[in-house]
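Report on the following structure.
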Amino acid sequence: MKAGRFPASLATPVLLAFAVFIVAPCVMLLVKGLEPTAETGEWPDFTNVLGVFDSKIGQQALNRTIRISLIVTAVCMLAGYPVALFISRCGPRWRGLLLAVVIFPFLISAVVRAFGWTVLLGDSGLANKGLIALGLIERPIALVQNEIGIIVGETHLLMPYMILSLLAVLQRIDPNLRHAAESLGASPVSVFWRIVIPLTLPGLLTGTLLVFSLAMTAFATPFLLGGGRTPILTTLLYDYAFTLFDWRLAAAIGIVLLILGILFVTIHRFVSSRGMRSYG
Amino acid sequence: MSDVEVSGVSKRYDELWAVKGVSFTAPAGSFTSLLGPSGCGKTTTLRLIAGFAALDEGEVRIGGKPVDDLPPWRRNLGVVFQNYALFPFMTVFDNVAFGLRRRKVARSETAARVAEAIDLVGLPDLAQRYPRQLSGGQQQRVALARALVIRPDVLLLDEPLSNLDAKLRAEMRFELKRIQRETGVTSIFVTHDQEEALTLSDQIVVMNLGTVAGAAQPKAIWEQPESAYVADFLGVENLFPGTVGDGAATEGTLAVSVEDGEAVLHVATARPEDRTVVLGIRSEEIAVWRAGETGDEADGPNALDGTVREFTYVGSAVVYQVDCPALPGPLIATAQEDFAIGDSVRVHLPPGAIKLLRPDAPAGASDARP
Amino acid sequence: MADFFLRSGRGLVTVMAVFWLVFLVAPIVVTLASSFTSSTYLTFPPPGWSVRWYLSAFESEWVWSTFWNSVVIAVVSTAIAVALGIAAARVLARHRFYGRGAFEYAVLSPLIIPGVVVGFALLNVSVLIETQDAGLLNLIIGHTMVTTPFTLRSVWSSMAGNDLSLEEAAQSLGATRWSAFWLIVFPLIVPGIVAGAIIAFTFSFNDVTISAFLSAREARTLPVELMSHIEYLPDPTPAAVSSLMIVITLAFFLLVERTVGLGVFADR
């Protein structure tokens, strides 16, 4: 590894591109979001950013965002674990196929998935028909264009992240650890709770952080499945930008989302570096 | 303390037999080594005894009782793994206590037995440390303590010393011997290192291609290996196929002609059942002289002319590769004197040092290793 | 008793896993199936089968024009993202310098910054400098920035495998620095480049978030146009278009799987 000199010829074009098209726009966003509301105000003015949490609609959107993200994260955790466990126990041929089943949906366009869910969850969709057939409901209930639609869509969007995070740790488990526990008298049930679960905790933690942070900042899926009356932070930003044309408030929400994004990555880095150390 | 009877055990992975018809008995309280190169089936055999894999044929009995229907967690065996397999998120104490807790041993007794086990393996006061904070040798000792604390019927060790550096390995060898003697636990030890097997064992089972190639006490197996393969694995450098001639060569010796060579060597041994044999001799048993310096032995029947082809200095001696026209291949001989490449020499193979071995490898004894 | 728990535990895991795996493919299967419906409204399962909505899709002007927009944007932004990704990967894999951590942070930042923020921030700038009507250009810029981290990571991980000694060996045999790169390093990172390019293309082609902010009246991408058609659900034509997008994505997915394996998605 060469030390010292800055590789100018290679790095400059890259840095320039990111400075102009990522850093500068974000700085402009900060400038916009912190613009003074009143004529006489001075920059920076935090009224807008704080207003996101103060206004009724902003507060509702924030609460809804957090609530949905928590539910989605919990479902992904409970659903992702058995899937990851199942895949890790399969033979190589099946494992490849099931891994494809997990990965492929997350390449599909959000519009296409939303379309599929709209068909499935609509009034005459399979979900309603099934619930009626089971006798749980009498008439079709609304499963899309509301929070349920967002939760289903985001769960579908984010579960692969959880499964892949868990698989990464599950497949690294030394089979000898299981054998050692068995030889010491632990039954498979006991091996699962006392050996497998503790060994997968780091993966569960990174997966949880990843899913939660992506749920907090997801846009396309909630936009398409949530309908107009259930805004979350990201869709509220879009509404401010394109329906209400209040770009100052849109930028203020942008700042909040930006801070959230950086916050989660920082926590994630901290946790994963610690995780590596404790099981290294 | 129980004996282990392995009879006719086979294990197949797809179409390949990893282990085929392996039988041996490890007497109660003994130390038995399974010795062989990688892929010979020794680890598979150990896993079958432990119950980590199900056998396809045969039977394993521990203390006279068949265990094949018992899962590993009901066999009461201690296992020490090559990579130690310590639970990384548990302290040393919790690792060692794991088996006792599964057995619902009372808390106070657990603490006492863990302390006793840690003391037995000679660990300093590290009970609250995590495995990653320990050195390789210390992890090794924790793994031993964890396996022994449950008072297993049998202790199974899968190449436990191979991840240690040379100095530590020698030290742990003595430790293993001491611990085994103090506990008297029946031990089965898998290794590819002939020296480890020789120094530790009461019995060595040499394995080849999934079968038992020979089983005997270390001294017996060193002095009279059963077959060319066993001899090769135990470091007999010179192996030549040959045919035993009729009648005695001299008083008490047989005349054996070397295949693909002109030499007819006298061997002081009993007549083997089969005429087709492999002649084996260790390099340090061969005497080497400079050509022209003659003595009693240099003119004897087992003296051959040769030329030094190559040499390597090993510290205590020099190992020579000598081309002998009368032999089909070069001879490996150890000597104290210095010879140069191309020097004409005379070598002597004492009739008493040559072993007549059963040829068991179809591709020629010297290529027996897979 | 323990065996009973063991077996029922395994069974429970299997049942749950199968349910959620079906959940993951359900919307895709349903979209594909409903695109072949014979009726004029969407219902599942369809009352009968036909390909009429595919014919309708192929005859629709909006499908073709936005499809070509999407292809142009995806091809151009992927090409730039690959170039930037190779350069950045080379910097990160071979050089140690003051500020290397900041450099890494900068080029991976589009993964940290939420897509809405990137989209809105770029829109904000384009309005300020009055280029908001240059939709195609804005979209290409946006997609390039967001996909560069993918090409970077893919190329970077393929560089991590081959160590410096290979290049040094080539140089000791008389290769110049450049020819050592082209003759030794480049062939080894081709799989990483291919995988990164395919991922970038797929991402760009399917993106909604960035495109929703940067699409101008004259320059819309297929997913954004599809979005407005789905909202009204006039007939199953969007189902046919969605199915075609699934097939295109599947083709690229299989290409990655066959060439470099699914590991590129799994190791993050």
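The values are calculated or read from the model by the stated rules, or taken from the named source; none is laboratory data. Being a predicted model, the structure only gives us computed values, none of them experimental. Note that each Cβ is placed from the backbone with ideal geometry, even for glycine, and that neighbours are counted across all protein chains shown.
The table for this structure:
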item	result
All positions within the stretch A:119-134 that are at pLDDT 85 or above and small (G, A, S)	A:A127, A:G130, A:A133
Enumeration of residues in the stretch C:23-39 that are of a type in the set (V, I, T) and facing another protein chain (nearest Cβ under 9 Å)	C:V25, C:I28, C:V29, C:V30, C:T31
Filtered residues of the stretch B:90-141 (kept if surrounded by fewer than 17 Cβ atoms within 10 Å (Cβ to Cβ), in contact (Cβ under 8 Å) with a residue 40 or more places away in the chain and not small (G, A, S))	B:R103, B:R132
Conditions (1) surrounded by fewer than 23 Cβ atoms within 10 Å (Cβ to Cβ); (2) within 12 Å of chain A (Cβ to nearest Cβ); (3) under 26 Å from the mean Cα position of the chain (by Cα); (4) not hydroxyl-bearing (S, T, Y): number failed by B:W73	(3)
Residue among C:A219, C:A212, C:A180 that is at the interface with another protein chain (Cβ under 9 Å from one of its Cβ atoms), farther than 16 Å from A:L107 by Cβ and of a type in the set (A, V, I, L, M, F, W, C)	C:A212
Those helices (runs of 4 or more DSSP H) lying entirely in the stretch C:138-228 with at least 2 residues at pLDDT 90 or above and among the hydroxyl-bearing types (S, T, Y)	C:186-206, C:209-214
Some residue of the stretch A:102-118 being more than 8 Å from chain C (Cβ to nearest Cβ) and more than 25 Å from C:V256 (Cβ to Cβ)	no
Residues of the stretch A:169-180 satisfying the condition of being more than 7 Å from every other protein chain (Cβ to nearest Cβ) and crowded, with 18+ Cβ neighbours inside 10 Å	A:V169, A:L170, A:R178
Among the candidates C:A26, C:A106, residue that is within 17 Å of A:V112 (Cα to Cα), out of contact with any Pro (no Cβ under 6 Å at 6 or more places or on another chain), modelled with pLDDT of 85 or more and of a type outside the set (K, R)	C:A26
In the stretch C:114-157, residue nearest to the other protein chains (Cβ to nearest Cβ) [restricted to those that are out of contact with any Ser or Thr (no Cβ under 9 Å at 6 or more places or on another chain) and without any contact (Cβ under 8 Å) to a residue 40 or more places away in the chain]	C:A121
Residue in the stretch C:7-14 that is among the small types (G, A, S), facing chain A (nearest Cβ under 7 Å) and more than 24 Å from C:T209 (Cα to Cα) present	yes
Number of positions in the stretch B:55-70 that are surrounded by fewer than 18 Cβ atoms within 10 Å (Cβ to Cβ), away from chain A (no Cβ under 14 Å) and hydrophobic (A, V, I, L, M, F, W, C)	0
Filtered residue count, the stretch A:90-127, keeping only those that are more than 19 Å from C:P46 (Cα to Cα) and touching a Phe, Trp or Tyr at 6+ places or on another chain (Cβ under 7 Å)	3
Flag for A:G116 being in contact with a Leu (Cβ under 8 Å, 6 or more places away or on another chain) and either modelled with pLDDT under 90 or farther than 20 Å from C:S204 by Cα (or both)	no
Filter result for B:L164 (in contact (Cβ under 8 Å) with a residue 24 or more places away in the chain and either within 17 Å of B:T45 (Cβ to Cβ) or in a strand (DSSP E or B) (or both))	no
Meets criteria (among the small types (G, A, S), away from every other protein chain (no Cβ under 14 Å), out of contact with any Cys (no Cβ under 6 Å at 6 or more places or on another chain) and closer than 27 Å to C:I210 by Cα) for A:G58	yes
Test: residue in the stretch A:13-33 that is farther than 30 Å from C:V13 by Cβ, within 14 Å of chain C (Cβ to nearest Cβ), in contact with a strand residue (DSSP E or B) (Cβ under 6 Å, 6 or more places away or on another chain) and not small (G, A, S)	no
Filter pass, A:T234 being under 21 Å from A:Y161 (Cα atoms) and polar (S, T, N, Q)	yes
Verdict on A:T221 being more than 8 Å from chain B (Cβ to nearest Cβ), touching a residue at least 12 places away in the same chain (Cβ under 8 Å), hydroxyl-bearing (S, T, Y) and buried (at least 24 other Cβ atoms within 10 Å of the Cβ)	yes
Residue check, B:S33 out of contact with any Gly (no Cβ under 6 Å at 6 or more places or on another chain) and assigned to a strand (DSSP E or B)	yes
Output for the stretch C:99-137, where each listed residue is surrounded by fewer than 23 Cβ atoms within 10 Å (Cβ to Cβ), in a loop (DSSP other than H, G, I, E, B) and out of contact with any strand residue (DSSP E or B) (no Cβ under 8 Å at 6 or more places or on another chain)	C:G99, C:I129, C:E130, C:T131
Candidates C:S56, C:S70 - the one that is in contact (Cβ under 8 Å) with a residue 60 or more places away in the chain, within 22 Å of A:V119 (Cβ to Cβ), assigned to a helix (DSSP H, G or I) and more than 9 Å from chain A (Cβ to nearest Cβ)	C:S56
Residue, farthest from A:L166 (Cα to Cα), within the stretch A:52-90, restricted to residues that are touching a residue at least 60 places away in the same chain (Cβ under 8 Å) and among the polar types (S, T, N, Q)	A:Q60
So C:R90, is it within 7 Å of another protein chain (Cβ to nearest Cβ) and not in a helix (DSSP H, G or I)	no
Single unsatisfied condition, A:M159 versus (1) buried (at least 19 other Cβ atoms within 10 Å of the Cβ); (2) within 14 Å of chain B (Cβ to nearest Cβ)	(2)
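The rows are residues; the columns are (1) closer than 21 Å to B:Q82 by Cβ; (2) without any contact (Cβ under 8 Å) to a residue 40 or more places away in the chain; (3) surrounded by fewer than 18 Cβ atoms within 10 Å (Cβ to Cβ).
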site: B:E182; (1), (2), (3): no, no, yes
site: B:S187; (1), (2), (3): yes, no, no
site: B:D202; (1), (2), (3): no, no, yes
site: B:V212; (1), (2), (3): no, no, no
site: B:L239; (1), (2), (3): no, no, no
site: B:D246; (1), (2), (3): no, yes, yes
site: B:S257; (1), (2), (3): no, yes, yes
site: B:T276; (1), (2), (3): no, no, yes
site: B:S283; (1), (2), (3): no, no, no
